[in-house]
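The values are calculated or read from the model by the stated rules, or taken from the named source; none is laboratory data. Owing to the predicted nature of the structure, the values given are computational and were not obtained by experimental measurement. Here the Cβ positions follow ideal geometry from the backbone for every residue, glycine too, while neighbour counts run over all protein chains shown.
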Amino acid sequence: MKVYIPDTLRSYTGDQRTVTAQGATLAALLIDLDRQFPGIRFRMINEQDGIRRHMRVFVNGDEARTLDIALADTDDISIVQALSGG
Amino acid sequence: MAKRTAAPRKRAAAPRAEKAQPIALLIATRKGAFILKSDGARRTWKTTGPFFLGQIVHHMVLDPRDRRTLLASTSTGHLGPTMMKSTDLGRTWKEVAKPPAFPKAPEGAEGRSVNHTFWLAPGHASEPGVWFAGTAPQGLFRSADGGDSWEPYSPINDDPQYRKWMGSEKDGTPDGPKLHSIIIDPRDAKHMLFGMSGGGVHESFDAGQSWRVIIDGMEVVEGFNFDPKDPAFHDPHCVRMCPSNPDRLYQQNHCGIYRRDGKGAWVRIGRSMPKNVGDIGFPLVLHPRDDNTAWVFPMDGTQVWPRVSPDGKPASYVTKNGGKTWQRQDKGLPRAQGWFTVKRQAMCGDTRDPVGLYFGTTGGEVWASRNEGAQWTCIARHLPEIYAVEAAG
């Protein structure tokens, strides 16, 4: 499925704004993403499998708050990062 | 108990071969890293960088065993922490495969997550490739492959007693308590120390498998009935081991400057600092060949703790007799309205003779002295907020 990557993580994807990854759950999709782009997962998901404080993941426009939600091949995934502070 | 007085000791001679070598200063800032390179005389400096522009660089350290590998711990305000590695003195960088991270907690248990790696320390000379890291929240980590992958190290990370001493986010600096000052005894790889802000100073003689608290003699904040025997109430800012005498430690603490000899108690040598300056600060630098000489950079620790140079008049202070007396060193520094803050990793020395001293301010200036603090010169300005300065000769 299609995954939208924010500016701050495009150094991992070779500057690709959109990539393709697979997984029956969000957790599995992020593992596949990390397999393709090593290191990207830990920048947005901590070691307790929590979505980091300023990161947001949307599935078809709805915010995902945990990694155990089921995904379908036709889903659109958007990874978004809040830009705040100085 | 080892007895050692503060009597002047004969200095070992500086290695002749080092005299003409240029110095590289590894500057870690809140917005990236820089390297300042000197000529052989340490008179002119050239700035290279920024590296990792926009990333918070907490510490950048050269591996003294190969003199080519650099590690830099980085994070951003929004992304998780990571670490960068160069094997060609900073010309090229690669992200490490597995930065420090706590283990996943069992279901239902509350796990911890590394916010940033605060302190990097190369391992013993006999263990090439070994590095140690201290994190916030407080944890001790080890790499055996030159920093490419990291694992939690020693029982302290999960020890209930240590977890209590480590405290929570409320108990440390604004961005969390930090494990720092990881020291490996050059005589014995199994002899290690570290400090926790807060949580005291700890020592191991078995490569980190067991630890003992060494806080005897350290004072706690007055007026709150805090128990000085409880490590949780101790906040060492910077602990250093004398390169010329590893039995001697110095410490800049939240509550003063200390020296410790052998297995004795800490002695508050900051009592002999001028009363109007006090003995509060963050960094502490030791002479590479003289265990009686140490430098500090005092900060205002009164009332709300401004953490700036007392009275707006920055100065280093040096002792040449183990802390019996201190001399002010402010030549070249602003005489007034100089509100410097120098963080605990942001002051260092080189190994030349005379020793070069360097510090970076949160205002983005780097200052250098080619003569052990007798004269200071600003060698870089307009950099981002400086977190750490390391000298690589």
Of the numbered conditions (1) hydrophobic (A, V, I, L, M, F, W, C); (2) within 11 Å of chain A (Cβ to nearest Cβ); (3) assigned to a loop (DSSP other than H, G, I, E, B), residue B:83 fails exactly one; give the number of that condition. (3)
Looking at A:79, A:5, which is the one that is touching a residue at least 12 places away in the same chain (Cβ under 8 Å), touching a Lys or Arg at 6+ places or on another chain (Cβ under 7 Å) and crowded, with 17+ Cβ neighbours inside 10 Å? A:5
Which ranges mark the strands (runs of 3 or more DSSP E) fully within the stretch B:252-332 that have 1 or more residues being surrounded by fewer than 19 Cβ atoms within 10 Å (Cβ to Cβ)? B:327-329
Please work out which one of (1) surrounded by 16 or more Cβ atoms within 10 Å (Cβ to Cβ); (2) closer than 19 Å to residue B:67 by Cβ is the condition residue B:145 fails and give its number. (1)
Quick one: how many residues across the stretch B:341-373 are in a loop (DSSP other than H, G, I, E, B), in contact with a Pro (Cβ under 8 Å, 6 or more places away or on another chain) and among the small types (Gly, Ala, Ser)? 2
Of all residues in the stretch A:41-69 being more than 12 Å from chain B (Cβ to nearest Cβ) and β-branched (Val, Ile, Thr), which is farthest from residue B:98 (Cα to Cα)? A:59
Conditions first: (1) buried (at least 17 other Cβ atoms within 10 Å of the Cβ); (2) within 14 Å of chain A (Cβ to nearest Cβ); (3) among the acidic types (Asp, Glu). Residue B:158 passes all but one, so which condition is the exception? (1)
Restricting attention to strands (runs of 3 or more DSSP E) lying wholly within the stretch A:1-70, give those where 1 or more residues are of a type outside the set (Lys, Arg) and modelled with pLDDT under 95. A:55-59
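So that you can scan it fast, the table gives a plain yes or no per residue for (1) at pLDDT 95 or above; (2) closer than 30 Å to residue B:35 by Cβ; (3) of a type outside the set (Ser, Thr, Tyr):
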{"position": "B:126", "(1), (2), (3)": "yes, yes, no"}
{"position": "B:132", "(1), (2), (3)": "yes, yes, yes"}
{"position": "B:160", "(1), (2), (3)": "no, no, yes"}
{"position": "B:172", "(1), (2), (3)": "no, yes, yes"}
Residue list for the stretch A:71-86, filter: within 14 Å of chain B (Cβ to nearest Cβ), assigned to a loop (DSSP other than H, G, I, E, B) and polar (S, T, N, Q): A:84
Identify, from the list B:103, B:99, the residue that is within 14 Å of chain A (Cβ to nearest Cβ), touching a helix residue (DSSP H, G or I) at 6+ places or on another chain (Cβ under 9 Å) and buried (at least 23 other Cβ atoms within 10 Å of the Cβ). B:99
Take the conditions among the aromatic types (Phe, Trp, Tyr), within 14 Å of chain B (Cβ to nearest Cβ) and under 23 Å from residue B:103 (Cβ atoms) and apply them to residue A:37. Does it pass? no
